[in-house]
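Worksheet: one structure, shown below.
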Amino acid sequence: MVLAEKKRRAATPDDERITPPERRDVAAGKISVFDAVRAFGVMAGPSALFDLFLVGSVIATISEVLTRPRKPAARGLRPLVTFGTALAVAYPTLIRPWMIRWGATDEERRKPLPGDELVPDPITTSTRAITVNAPVEAVWPWLAQIGQDRAGFYSYDWLENLAGCKIHNADVVHPEWQRRAIGDVVKLHWALGNKVACFEPNRAMVLEGWGAFVVEPLNDQRTRVILRGRKAWGWPAIYDVLLIELPHFLMERQMLLGLKKRAEHAWQT
């Protein structure tokens, strides 16, 4: 029997042999250097330029105070430098605090949520929330099906696809996408994702490396959707604050707005 199988395989052209499913998945998940650079550039590039602009503005302002340059070119750049310096002060004191608590109440920021135990001593915590005019049972299915290979994230898919994510946002609930098991991977990009640490239908889903997605009823017609993210001490947290935090806020905010729009429309119709 073994000899017959060997002869059969030897007689079968390579392009007609069937690759086992698990091997196809591994092959499909390989990411090239170009794809990695593309994703990183779209995700972190604007933040890097923003950081450089703020730092450069502050340095230029200090230099101007110390040296008092009188060149016409230097005077022409003064408004831009002044704006950058003001922004460097406003971002950590006003803009960032608003970003990390967008839509959330003081009570929601303080209360413990599922997944907090994964990062018990965080250096940064973000809590964002939105009210959806639909019951929990009508909101949860939209949250349960998020993922690159499922319903997308209801955010700026054109920007996600610019990074090579290959995402299409769904506008309907798919019953076949409503279950997740602990350890499943919710894909962010076709080549990577975050593992599910908790999945409680109509209550919460927690993703390692991202945070908690929680739904709480306000009454039988309104729901609060709360997103909590926590970062542990270390270099990854510095990387996150400098390069990821701003684009992540923009995408996560739009995700909440997109989920609200879809859930309310589906409930009302």
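Mean-square fluctuation check for the chain, GNM, Cα pairs under 10 Å: which of Ala197, Ala232, Ala86 is largest?
Highest fluctuation of the listed residues: Ala86.
To the nearest 20 debye, what charge dipole does region 33-100 have about its Cα centre, counting +1 at the Cβ of each Lys and Arg and -1 at the Cβ of each Asp and Glu?
Working: 7 positive and 3 negative charges, 84 e Å.
Using Cβ point charges on Lys, Arg, Asp and Glu, region 33-100 gives about 400 debye.
Assuming a strict under-25 Å limit between Cα atoms, what lysine pair count do you get for the chain once near-sequence pairs (fewer than 8 apart, same chain) are dropped?
Number of lysine pairs found: 16.
Compare Asn133, Asn194, Asn219 in a GNM of the chain, Cα atoms joined below 10 Å, and give the one with the largest fluctuation.
Of Asn133, Asn194, Asn219, the most mobile in the Gaussian network model is Asn219.
Hey, what did region 125-195 get for relative contact order, percent, Cα under 8 Å, at least 6 apart? Spell out each step's value before the answer.
Details: 72 pairs, mean separation 21.1, N = 71.
Across region 125-195, relative contact order equals 30 percent.
Got a sec to turn the phi values of region 95-103 into Karplus ³J(HN,Hα) couplings, 6.51 cos²θ - 1.76 cosθ + 1.60 with θ = phi - 60°, whole Hz, x for Gly and Pro?
6, 5, x, 5, 4, 6, 10, 3, x
Taking the alpha carbon gyration tensor of the chain, what are the square roots of 5 times its eigenvalues, largest first, to the nearest whole Å? Please report the intermediate quantities before stating the final value.
On the way: eigenvalues 335, 174, 57 Å².
In descending order, the three semi-axes are 41, 29, 17 Å.
In the chain, which helices (entire DSSP H runs) extend 15 Å or more along their own long axis, judged by Cα positions, while averaging at least 0.5 on the Kyte-Doolittle scale?
On the way: long enough: 33-67 (45 Å, 1.43); 72-90 (28 Å, 0.91); 245-268 (34 Å, -0.60).
Counting only whole DSSP H runs, the qualifying helices are 33-67, 72-90.
Show me, for region 229-242, the HN-Hα J-couplings you get by feeding each phi into the Karplus relation (A = 6.51, B = -1.76, C = 1.60, θ = phi - 60°), rounded to Hz, glycine and proline as x.
x, 9, 10, 7, 5, x, 4, x, 5, 5, 4, 5, 5, 7
Could you tell me the calculated FRET efficiency between Thr131 and Asp106, based on Cβ-Cβ distance and R0 = 22 angstrom, to the nearest 0.05? Present the calculation step by step, with values, prior to reporting the outcome.
Details: r = 16 Å, r/R0 = 0.71.
The formula returns an efficiency of 0.90 here.
Could you tell me what % of all Cα pairs in region 33-100 have separations over 19 Å? Could the numbers behind the result be given before it?
Values: 1096 of 2278 pairs.
That fraction is 48 percent.
Would you calculate the volume per residue, in Å³, of the smallest convex hull containing every Cα atom of region 111-266?
On the way: hull volume 16.6 nm³, N = 156.
Each residue corresponds to 106 Å³ of Cα convex hull volume.
Given the options Leu66, Leu250, Leu52, which has the most mean-square fluctuation in a GNM of the chain, springs set between C-alpha atoms less than 10 angstrom apart?
Leu66
For Leu49 and Arg179 in one chain, what is 0.36 nm times their gap in residues minus the Cα-Cα distance, to one decimal in nm? Intermediate results must be reported in sequence, preceding the final value.
Working: separation 130, 0.36 × 130 = 46.80 nm, distance 4.00 nm.
Full-extension gain reported as 42.8 nm.
Would you compute, from DSSP H runs of 4+ residues alone, the mean residue ellipticity of the chain at 222 nm, taking -39500 (n - 2.57) per run and dividing by the full residue count, rounded to the nearest 500? Present the calculation step by step, with values, prior to reporting the outcome.
Working: 10 runs with 126 residues, N = 269.
Counting only the DSSP helices, I get -14500 deg cm²/dmol.
Could you tell me the relative contact order of region 191-255? Use alpha-carbon pairs under 8 Å, at least six residues apart, and round to a whole percent.
Details: 62 pairs, mean separation 11.1, N = 65.
Relative contact order for region 191-255 comes out at 17 percent.
FYI, it's all coordinate maths here, none of it is from the lab. The model shown is predicted, which means the values in this text are computed figures rather than measured ones. Counting neighbours? That spans all protein chains shown, and the Cβs are built from the backbone with ideal geometry, glycine included.
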